[in-house]
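What follows is one structure encoded as structure tokens, with my remarks underneath.
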Amino acid sequence: MTRLHSRRKFVVLFAIVLAGALSMRAHVGSPDVYCEGDAGPYHLFVTVRLPQVIPGVAEIQIRAATNEVRRVEIVPMRLSGAGSNLPPTPDVTEQSKDDPQFFTGSLWLMEDGALKVRVSVDGTKGKGELSVPVAAFAQRTLKMEKPLRGLLLFLMAFLAIGIIFIAGAAVREGNLGPGETFTPVRARRARLVMAITAVIVAGILYLGRAWWGTEASNYERTVNFFKAPSAQTTLENGNRLVIRAKGQDAEWSKNVKMEEVIPDHNHLMHLFLISAPGVERMWHLHPERIAGGAFAEELPSMPAGHYEVFADIVDKDGFPWTLVGNVDLPQIQGKALAGDDSAWSGAAAATGTRDSNVAQLTDGGRMVWHRIGGPLKANTPMNFNFSVEDKDGKRATDLELYMGMAGHAEFVSTDLSVFAHVHPAGSVSMAALELARTAQADAPMKMLVGAPMAMPMAITPLSAEVSFPYGFPRPGEYRIFVQIKRAGKIETGVFDALVE
């Protein structure tokens, strides 16, 4: 992921400025990073607000669970490989005077790709570190504003004409003595020099414009590189869905090899099929890789309809991607769900529906969303806390790890412009988090050989509560799918939310 980095560092300061988010990379329409974890003895909730352009400034927010933290330092690094253990000088965050548990800072991200922000904490219990994976990418380009363009053109013309006249004056009058006037010969020489200077200045301007255009084109290609690759789907033999990736340009397919993606909580791909437009059905499946870098899944029984496709993968460098597409399926007579595969169906998301706090589960129990008071706000980091009750209304005691963690959540806008697959550790992929923790140059190769990623084993009964750190990227209506495992069965609680 190191290509195209160094050539653009100065161009974007003038030519490329921010605009709105696109559907791109992992977590479609939701580029910011939310991560919750421990820096030694300190529990932190870290938010990384990515810049719209690279190079650009990322805003970092850190909330400590206690007031024992005295100092927090942050530094950007490569996620793995060369540079992952060679940090630059860290920046010191600013501690809020009103809230001593809240720290803020900013970091220049000078390259795109799989990075991490290392958070170093010092406090009353000593020191600790937490590495937060960051998928850094340029999100969009925008032409220079007309007033600024006009000002720069005027200054350029003023300087160019000035250089020409200065060169002529130097030849015509540069070495005249007191009281002398220039001769016709000097005037002719001055005009000749001015003509030559004009040609040179015009050549410099032409070459500068060509350089500018090349850099802008390179940057545009980088933006296209990080746009969501397409999920091309083909239905074979009545129920076998084949998924292939196609980038927005040839460079994506050249540099991101589907044959080299690494496991993310024990699966190479997490496939989500969501019915559109109602969002009343959702399948969470795990296709197997087949020849040619494609993936295939024997579909379960499904009703005919139009489905949006979101397929999560992680490339060998630890950068997460979501392949986006759609497919029209006939009635599928397929296999029964097995393993980690799951499904949910219910009422369609209605426009203007009120927030829902309770979801009934198929086993007779229910899931409760413990919401904070007041309306939900966009771009506000928060913990989404849920608890599971059995059919008698008591706290469930039979929760199990689901793919190595307490639960999974999918935050989906009802217009399907936002899709985020979130875990109790946050919006980061587990594969990237593992690489950030180990910071070993050969870690990606270890994961390529097919060995499943190590997952924590539950040595004590799981809590009936599960939480997910996240923030809605924009106002609108959302549907939240919360998936847990009870007594060997996967259950999905579904909640509707209106975000201001």
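The values are calculated or read from the model by the stated rules, or taken from the named source; none is laboratory data. Nothing here was measured: the structure is a model prediction, and the numbers come from that model. With ideal geometry, Cβ positions are generated from the backbone for all residues, glycine too; neighbour counts draw on all protein chains shown. Note: areas computed on protein heavy atoms with side chains; ligands, DNA, RNA excluded. Shrake-Rupley method; radii C 1.70, N 1.55, O 1.52, S 1.80 Å.
Suppose every Lys and Arg Cβ carries +1 and every Asp and Glu Cβ carries -1, with no other charges. What dipole size does the chain come out with about its Cα centre, to the nearest 20 debye? Each step should come with its number before you reach the end.
Details: 50 positive and 52 negative charges, 445 e Å.
Computed about the Cα centre, the dipole is about 2140 debye.
Going highest first, how would you order 329-336, 127-134 by mean Cβ packing within 10 Å? Mind dumping the intermediate values first?
Values: 329-336: 13.1, 127-134: 22.2.
Ranked by mean Cβ neighbours within 10 Å, highest first: 127-134, 329-336.
Classify the range 48-201 from the C-alpha gyration tensor, please: rounded if a/c falls under 1.5, else prolate or oblate depending on whether a/b exceeds b/c. Could you put the intermediate results ahead of the total?
Details: a/c = 3.69, a/b = 3.25, b/c = 1.14.
Cα axes put the range 48-201 in the prolate bin.
Just going by the charge dipole of the chain, with Lys and Arg at +1 and Asp and Glu at -1 on Cβ, which of PRO51, VAL309, PHE384 is farthest out on the positive end?
PRO51
On a straight-distance basis, which lysines could pair with LYS254 in a cross-link, Cα separation under 27 angstrom, same-chain partners fewer than 8 positions away excluded?
LYS9, LYS116, LYS227, LYS246, LYS316, LYS446
Grab the Cα-Cα distance for GLN333 and THR234, subtract it from 0.36 nm times how many residues apart they are, and report the gain in nm with one decimal. Before the final figure, lay out the partial values.
Values: separation 99, 0.36 × 99 = 35.64 nm, distance 1.64 nm.
Residue separation times 0.36 nm, minus the Cα-Cα distance, leaves 34.0 nm.
Could you sort the peptides 284-297, 97-110, 153-166, 53-66 by per-residue average Cβ neighbour count (10 Å cutoff), highest mean leading?
Most protected by this proxy first, the peptides run 53-66, 284-297, 97-110, 153-166.
Roll a 1.4 Å probe over the protein heavy atoms and report the accessible area of LYS254 in Å², nearest 10.
That residue has around 140 Å² of solvent-accessible surface.
Can you spot the lysines whose alpha carbon is less than 25 Å from LYS97's alpha carbon? Ignore those fewer than 8 places along the same chain.
Excluding near neighbours in sequence, the set is LYS125, LYS127, LYS377.
Would you work out the relative contact order for the chain, in percent, from Cα pairs under 8 angstrom that are 6 or more residues apart? Please report the intermediate quantities before stating the final value.
Numbers: 1152 pairs, mean separation 80.3, N = 500.
RCO, the chain: 16 percent.
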